[in-house]
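Structure, as structure tokens:
Laboratory data are not the source of any read-out in this text; all were calculated from the coordinates shown. Only a predicted model underlies this, so the values are computations on that prediction, with no experimental measurement involved. Quick reminder, even Gly has a Cβ in these numbers, built from the backbone with ideal geometry, and neighbours come from all protein chains shown.
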Amino acid sequence: MDNNAAVITKFYTAFQQKDYQTMNSCYSNDIVFYDPAFELLRGDEVKYMWEMLCKNARDFSLVFDSITALDHEYYTCNWVATYTFSKTGRRVVNRIKAHMRFENSIIVEHSDGFSLHKWSTQALGFSGQLLGWNSFFQRKIKNQARKNLLKFIESKQQQ
């Protein structure tokens, strides 16, 4: 296993244990992150996001596999997070494809791809199934994710 694959293993093993500090140690200080729910985040926003997700995770489990080097700096892997969505109490199994770019064995870019419609169907039930494909509905989900993150960051900064 090369150094970058070892960092990915370290990152997701820490995530399995909800150890956001170890996860964040795998990132550069100016990390750039993107996913369909939070969209574009940078630096400390990314690190706070993982802290928030780890601290709020309920009935959480994670598996990862298929770590693949595309070249010397770009890697992908698959991971599946299973958890209870706190707002509805519904079970979610989110299948994700991660893309990471490395510099000196540190993650400098990370994007996660998944279907927001499939996620909303599981997390929100009938309304998610019926409207989860709609861009207006998806914008509401994204705005709520961003609002939750900003509220979390504000609470951390006041401590």
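Consider the stretch 95-121 and keep the residues that are β-branched (V, I, T) and surrounded by fewer than 17 Cβ atoms within 10 Å (Cβ to Cβ). The one that is nearest to the chain's Cα centre (by Cα) is V108. Is at least one residue of the stretch 1-10 among the acidic types (D, E) and surrounded by 15 or more Cβ atoms within 10 Å (Cβ to Cβ)? Within the stretch 1-10, none of the residues are among the acidic types (D, E) and surrounded by 15 or more Cβ atoms within 10 Å (Cβ to Cβ).
In this structure, does D59 turn out to be acidic (D, E) and closer than 19 Å to C26 by Cα? Here the answer is no, as D59 does not meet what is asked.
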